[in-house]
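Novice: Below you will find the structure I want to go over with you.
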Amino acid sequence: MRRRRFLRVGTAAGTLGLAGCFGLGGGNSSPPPRKAEVYDSISTNDGAIVVNLTADPTVESRADVDASLALSLGLPVGRAAAAKGGGRGQGATGRGSGGWSSAPHRGGRAIHHGHEDDDDWREEHENEISRYDAAIAVVALGYMGSQEEFSDDPPPAGPLDESQWDERWTDPEPDQQLSMPVEQPGWYRVGSKLRSENGNQGFGWESVDFRVDQSGDGYEVENPWQVSPRL
């Protein structure tokens, strides 16, 4: 397997916007998937998977973090604005096209274990939620398996085992572009380990699962799923 390899790639083709976050959980009785800004896009170009990191990574949290680090959202510190009407569907765990289509979406991504009433939960708990600037400590990318293997049962959420990552980058720069050659069509995961800018608070992993399909002489990214911890 290729490891700790960095490639700079020019204009990427077949880009899917992925600025946002992905999730586990949902429903008005459970915290919904948190929101985060980590990946501007995930695409394919010249036989490679290309990941563009956002220039200003942020993450929602209910953790007790230094209030001075909270971003101003036009609300008092400790509150976050809830956007109504952003999702659709009741959530899905299957990673096939049917599951992706029926799950709630945000910005073109299916929210893993998201629910239509997640915004209601946010409104009820808005005093507990803050959004913080985040630093990306690690980005890792790995192949998980074929489309057939995960057509009914998805891979477990969260980071892969250390040995399963095919590429790994430590302390990447914001707005950096990372690339890995496509090993074969199937399901891949990109994950980022986040922390506060001052390094005192860890925010866990933000991941995107996506399928790479053959398209003519190249590849394309399909069915991106955002996979996040609950708030």
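Novice: Name every residue in the range 179-231 that is within 30 Å of residue 65 (Cβ to Cβ), open to solvent by 40 Å² or more (accessible area, probe 1.4 Å) and acidic (Asp, Glu), in order of residue number.
Specialist: 197
Novice: Restricting attention to the range 148-183, which residues are over 25 Å from residue 37 (Cβ atoms), assigned to a loop (DSSP other than H, G, I, E, B) and either at pLDDT 90 or above or in contact with a Lys or Arg (Cβ under 6 Å, 6 or more places away or on another chain) (or both)?
Specialist: 150, 182
Novice: Here is a further query. Filter the range 201-231 down to the residues that are of a type in the set (D, E, K, R) and out of contact with any Cys (no Cβ under 8 Å at 6 or more places or on another chain) and list them by number.
Specialist: Answer for the range 201-231, where residues must be of a type in the set (D, E, K, R) and out of contact with any Cys (no Cβ under 8 Å at 6 or more places or on another chain): 209, 211, 213, 217, 220, 222, 230.
Novice: Still on this structure, please answer the following. When both residues are 6+ apart or on different chains and their Cβ atoms are under 9 Å apart, which pairs have a first residue that lies in the range 58-73 and is modelled with pLDDT of 85 or more, and a second that is assigned to a strand (DSSP E or B) and among the acidic types (Asp, Glu)?
Specialist: Cβ pairs passing all conditions: 58/37; 58/133; 59/37; 59/133; 59/206.
Novice: Okay, next question. Quick check, is residue 206 touching a Phe, Trp or Tyr at 6+ places or on another chain (Cβ under 9 Å) and within 15 Å of residue 36 (Cα to Cα)?
Specialist: yes
Novice: Another one. Output the number of residues of the range 148-183 satisfying the condition of being farther than 17 Å from residue 42 by Cβ and in contact with a Phe, Trp or Tyr (Cβ under 7 Å, 6 or more places away or on another chain).
Specialist: Qualifying residue count for the region: 2.
Novice: Could you go through the range 181-201 and let me know if any residue there is among the small types (Gly, Ala, Ser), under 15 Å from the mean Cα position of the chain (by Cα) and on the phi > 0 side of the Ramachandran plot.
Specialist: No, the conditions are met nowhere in the range 181-201.
Novice: So for the range 161-181 (the condition being aliphatic (A, V, I, L, M) and more than 20 Å from residue 60 (Cα to Cα)), does at least one residue qualify?
Specialist: Step one: filter the range 161-181 for residues aliphatic (A, V, I, L, M), giving 178, 180.
Applying the additional criterion that residues be more than 20 Å from residue 60 (Cα to Cα) yields 178, 180.
Yes, the range 161-181 has at least one match.
Novice: Quick check on the range 121-171: of everything there that is over 17 Å from residue 53 (Cα atoms) and polar (S, T, N, Q), which residue is farthest from the chain's Cα centre (by Cα)?
Specialist: That would be 127.
The values are calculated or read from the model by the stated rules, or taken from the named source; none is laboratory data. Every value quoted in this text rests on a predicted model; they were computed, and no experiment measured them. Cβ: placed from backbone, ideal geometry, glycine included. Neighbour counts: every protein chain shown. Note: areas computed on protein heavy atoms with side chains; ligands, DNA, RNA excluded. Shrake-Rupley method; radii C 1.70, N 1.55, O 1.52, S 1.80 Å.
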